[in-house]
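The values are calculated or read from the model by the stated rules, or taken from the named source; none is laboratory data. No experiment lies behind these values; they were computed from the predicted model shown. Counting neighbours? That spans all protein chains shown, and the Cβs are built from the backbone with ideal geometry, glycine included. For accessibility, only protein heavy atoms count, side chains too; no ligands or nucleic acids. Shrake-Rupley method; radii C 1.70, N 1.55, O 1.52, S 1.80 Å.
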Amino acid sequence: MTIMPSLKVEDNIKKIEHAIEELTQEVFRLQGSLRVFKGFKEAGLTDVDIPEQPQDPDVATEESTQE
């Protein structure tokens, strides 16, 4: 006799709800980023300079604590 695989309905409901919540937060984050860049564009910016970041995260920590 073969046992058929099964899945827990409640577990799947929780997983799907959790995934929806995470995706909703990501959508909010992206909407915020979009607003910022649209604001840049409205202000006449075409490029945004970003500073170079050190390769070693310990270097950034040391530099920030020395200031």
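Below is a table of values for the structure above.
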| quantity | calculated |
| --- | --- |
| Exposure rank, largest accessible area first [Thr24, Thr2; 1.4 Å] | Thr2, Thr24 |
| Förster radius 35 Å - calculated FRET efficiency between Gln31 and Val9 (Cβ-Cβ, nearest 0.05) | 0.60 |
| Segments 50-56, 11-17 sorted - mean Cβ within 10 Å per residue, highest first | 11-17, 50-56 |
